[in-house]
Amino acid sequence: MESARRIRRSPGVLRGDGLQAFRMPEVAVEIAAPANTEIPEMDGSMGEPTLKERLAALAAFVPVFEGPDFVFGEWQGAAGQMPWFRLSDDARSFVSTASRFGWVVPGFDWPSWQRTEVARHLLSNPQSIETATAEDLERLLTVHVRLDRFSEGHLASAFESGQLPAIARRAAALLKECRGLDETASGLR
């Protein structure tokens with residue numbers, strides 16, 4: 001008999017019934033954009049997205065995460081089987097988008113960074129993300145995505161604690177700041 005637990009927006013931190021499991025890295029797949037949301041395309045001029053494109057890609061998930069029917073995923077597993085967490089299509093799209101737009105940094109020493117005072121502050125208090133830099137968001141997303149490889153359901157916990165929605169909201173705020181700077185700069189020319 002299979003059991004499943006759906007993860008929806010709610011207060012508190014999901015602990016996955018205290019169980020953790022290891023899993024093999026997922027095979028790369030194409031993920032559709034969240035419903036009614038446009039993920040910006042990279043302009044391709046340099047092969048890497050601009051900061052504005054990167055911020056817009058994350059900001060596109062604010063309405064998705066705040067949707068009343070949004071489900072991040074659900075715990076799966078039959079009796080006698082180690083439970084595992086299945087991300088919803090939109091949650092997989094978020095992780096794929098974060099990776100595709102360079103928010104998950106290969107080679108970054110995230111285990112060391114997560115022990116710093118700055119990291120501990122950002123990771124323990126989602127409200128502190130309101131003042132995070134783009135580099136902080138990059139580091140946070142790298143930590144969360146990498147930790148999920150070692151601790152099944154970590155991304156669900158990051159969503160439930162408010163971390164992932166706060167990251168998307170901060171990306172939207174930083175994007176507005178970038179656009180404001182562009183408008184000011186273009187007015188000076």
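The values are calculated or read from the model by the stated rules, or taken from the named source; none is laboratory data. Remember, it's a predicted structure, so these values are computed and weren't measured experimentally. No Cβ is skipped: glycine too gets one built from the backbone with ideal geometry, and neighbour counts run over all protein chains shown. To get the accessible areas, we keep the full protein, side chains included, count just its heavy atoms, and leave off ligands, DNA and RNA. Shrake-Rupley method; radii C 1.70, N 1.55, O 1.52, S 1.80 Å.
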Q: Name the residue, out of Ser124, Ser128, that is open to solvent by less than 50 Å² (accessible area, probe 1.4 Å) and polar (S, T, N, Q).
A: Ser128
Q: Filter the range 57-100 for residues that are under 13 Å from Pro165 (Cα atoms) and free of Cβ contacts under 8 Å to residues at least 12 places away in the same chain and give the result.
A: Gly67
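From the list Glu177, Glu183, Glu135, which residue is at pLDDT 95 or above, in a helix (DSSP H, G or I) and over 25 Å from Val71 (Cα atoms)?
Values: Glu177 fails: at pLDDT 95 or above; Glu183 fails: at pLDDT 95 or above.
Only one candidate passes the filter, namely Glu135.
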Q. Do we find a residue being surrounded by fewer than 20 Cβ atoms within 10 Å (Cβ to Cβ), out of contact with any Leu (no Cβ under 6 Å at 6 or more places or on another chain) and not small (Gly, Ala, Ser) anywhere in the range 156-166?
A. no
Q) Considering only residues of the range 69-105 that are assigned to a helix (DSSP H, G or I) and among the acidic types (Asp, Glu), which is surrounded by the fewest Cβ atoms within 10 Å (Cβ to Cβ)? A) Asp89
Q) Within the range 138-145, is there a residue that is open to solvent by 10 Å² or more (accessible area, probe 1.4 Å) and over 15 Å from Trp113 (Cα atoms)? A) no
